[in-house]
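The structure appears below as structure tokens.
The values are calculated or read from the model by the stated rules, or taken from the named source; none is laboratory data. Computed from a predicted model, the values in this text were never measured in an experiment. Every residue, glycine as well, gets a Cβ built from its backbone with ideal geometry; the counts of neighbours run over all protein chains shown.
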């Protein structure tokens, strides 16, 4: 599976976040709190949802399943003039991304194993220290083998 290489323009998001680890994964709790409140967000850029991870700079080199990172459940907006109570804004800087069009269950980690253990090492790119995210569009169905999503991995030239 070869990704599209895209230069992302900066994006503004509104959402909620939690600190978690792979061992203490609270993604379900995060989306359970956020999803019912999406309708409160004004100025949405699309109907897509964004699942975003902000990893510490040394996360890949010192990987352990207990290491923590910040996970966001969010939507892209065109303006930040109204942020619902209990939500925050997040700015994604522009930059180069490898975008993988994935079809399969979000519970199956094999796509990430492929990206980080096969594609990145054999590509002409390094993983960059910027947010990773998934775009969950209209064809996304949580834990469904027919689900579709885009996996955005920040990259820089080797």
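Return the residue satisfying two criteria in turn: it lies in the stretch 27-43 and is part of a loop (DSSP other than H, G, I, E, B) and in contact (Cβ under 8 Å) with a residue 40 or more places away in the chain, and of such residues it is nearest to the chain's Cα centre (by Cα). Among residues in the stretch 27-43 that are part of a loop (DSSP other than H, G, I, E, B) and in contact (Cβ under 8 Å) with a residue 40 or more places away in the chain, the one nearest to the chain's Cα centre (by Cα) is 41. Mind listing whichever residues of the stretch 6-23 are loosely packed, with under 13 Cβ neighbours inside 10 Å and either under 28 Å from residue 96 (Cα atoms) or at pLDDT 95 or above (or both)? Listed by number, the residues that qualify are 7, 9, 10, 19. Within the stretch 47-75, the set of residues being in contact with a helix residue (DSSP H, G or I) (Cβ under 8 Å, 6 or more places away or on another chain), within 24 Å of residue 33 (Cβ to Cβ) and in a loop (DSSP other than H, G, I, E, B) is empty.
Of the residues that make up the stretch 32-46, is at least one over 19 Å from residue 127 (Cα atoms), modelled with pLDDT under 95 and loosely packed, with under 13 Cβ neighbours inside 10 Å? No, because not a single residue in the stretch 32-46 is over 19 Å from residue 127 (Cα atoms), modelled with pLDDT under 95 and loosely packed, with under 13 Cβ neighbours inside 10 Å. Taking the criterion of being in a strand (DSSP E or B) and surrounded by fewer than 16 Cβ atoms within 10 Å (Cβ to Cβ), the only residue of the stretch 115-127 that qualifies is 126.
To keep it simple, each residue is scored yes or no on (1) touching a strand residue (DSSP E or B) at 6+ places or on another chain (Cβ under 8 Å); (2) surrounded by fewer than 18 Cβ atoms within 10 Å (Cβ to Cβ).
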{"site": "86", "(1), (2)": "yes, yes"}
{"site": "98", "(1), (2)": "yes, no"}
{"site": "105", "(1), (2)": "no, yes"}
{"site": "113", "(1), (2)": "no, yes"}
{"site": "129", "(1), (2)": "yes, yes"}
{"site": "136", "(1), (2)": "yes, no"}
{"site": "148", "(1), (2)": "yes, yes"}
{"site": "155", "(1), (2)": "yes, no"}
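A count restricted to the stretch 76-93 and to residues that are under 21 Å from residue 126 (Cα atoms) and either free of Cβ contacts under 8 Å to residues at least 60 places away in the same chain or part of a strand (DSSP E or B) (or both) stands at 1.
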